[in-house]
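Quick one: this structure, given as structure tokens, is what I'll be asking you about.
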Amino acid sequence: LMNCMSRRKNLFISTETQIKNNYPHNLMKTHFFTSLFNTILVLVFFHFNLYAQDTNHESFNRHGIQVELAGSSLFYSVGYQYFLNPNLSIGAGFGYFRFDTGEDVEFNTKSFLRGANVPIVITYFKGKSNHKLELYGGIRFEKIESNISGIKPREWNTVYLAPNAGVGYRYLGKRWFGGISLGLTRLALLEKEASSTFLLLPILGLRTGIRL
């Protein structure tokens with residue numbers, strides 16, 4: 001009987017110790033999912049609130065094909081944009097480039113720079129006419145490979161995450177749209193130490209497209 005009680009006591013102490021040790025981790029996970037859930041609720045409420053305010057939300061073309069130079073892209077991207085309502089859109093694109101910069105005499109190799117990027121962006125439009133203020137934010141997935149002298153070598157198997165946000169002007173017509181923006185984005189290509197440096201630089205963006 002004494003041995004049984006002693007084992008139960010040890011089991012209780014062990015379980016209590018394990019719970020205490022895992023408490024910060026569990027609390028962090030709970031806080032993360034709670035914050036994520038609240039963020040999703042705010043975005044959904046924000047979307048439907050804007051949708052309800054617009055009385056002509058059925059009379060516009062929701063789909064768009066867009067070409068972007070710089071901005072939320074790395075050099076350029078071609079993508080698709082879906083208008084949730086006249087004041088809110090979400091889009092994604094893809095871009096690829098390669099520059100051969102000649103032969104490196106020192107190492108007797110050809111110097112090159114290539115990259116691919118997938119920007120995902122949410123854009124909010126403010127204005128009652130076709131001329132609107134644009135606020136955007138998103139993230140860009142990019143791959144870079146380079147052996148150019150003076151630039152830190154990049155490996156193609158590394159994916160960089162580049163947040164970006166900005167403000168600009170957008171013309172939204174029934175069939176055509178275009179605009180210009182100024183924002184901040186991460187440029188991993190110019191970072192000296194990719195693992196410890198996070199370089200945000202201002203960037204000018206141009207975009208145009210058609211609505212379907």
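The numbers here are math on the coordinates, done by the rules we state, and not lab data. Because the structure is predicted, anything quoted here is derived from the model rather than measured. Counting neighbours? That spans all protein chains shown, and the Cβs are built from the backbone with ideal geometry, glycine included.
Can you give me the long-range amide H partners of THR185? Hydrogens built in the peptide plane at 1.01 Å from N, cutoff under 5 Å, separation of 5 or more residues or another chain.
Excluding prolines and chain starts, which carry no amide H, the hits are LEU201, ILE203.
Sticking with this structure for a sec: LEU212: net charge of surrounding residues, Cβ under 14 Å, Lys/Arg +1, Asp/Glu -1, itself excluded? Display every interim value, and only then the final one.
Values: positive: ARG62, LYS174, ARG175, ARG211; negative: none.
Summing Lys/Arg as +1 and Asp/Glu as -1 gives +4.
Still on this structure, I have one more. Report the net charge of residues surrounding VAL121, where surrounding means a beta-carbon distance below 13 angstrom and charges are Lys +1, Arg +1, Asp -1, Glu -1. Could the numbers behind the result be given before it?
On the way: positive: ARG140, ARG170, ARG207; negative: GLU68, GLU134.
Net charge around VAL121: +1.
Lys and Arg at +1, Asp and Glu at -1: add these up for the other residues within a Cβ distance under 13 Å of TYR96 and post the number.
+1
How much length, in nm to one decimal, is gained on full extension between LEU69 and LEU201, taken as 0.36 nm per residue of separation minus their Cα-Cα distance?
45.9 nm
Let me ask you something else. Taking H placed 1.01 Å from N in the peptide plane, check which residues at least 5 places from ASN147 or on another chain put their amide H under 5 Å from its amide H.
Here the answer is PHE112, since their amide H atoms fall under 5 Å of that of ASN147.
Applying the Karplus parametrisation 6.51 cos²θ - 1.76 cosθ + 1.60 with θ = phi - 60° to the phi angles of segment 179-188, what ³J(HN,Hα) value in whole Hz is obtained for each residue in order, glycine and proline being reported as x?
x, 9, 9, 10, x, 10, 8, 7, 10, 5
With labels modelled as points extended 7 Å from the Cα through the Cβ direction, what inter-label distance (nm, one decimal) is found for TRP156 paired with ASN130?
It works out to 4.4 nm between the two label points.
Tabulate in residue order the Karplus-calculated ³J(HN,Hα) for segment 78-84, using 6.51 cos²θ - 1.76 cosθ + 1.60 with θ = phi - 60°, rounded to whole Hz; enter x for Gly and Pro.
Running phi through 6.51 cos²θ - 1.76 cosθ + 1.60 with θ = phi - 60° gives 10, x, 10, 10, 10, 8, 5 Hz.
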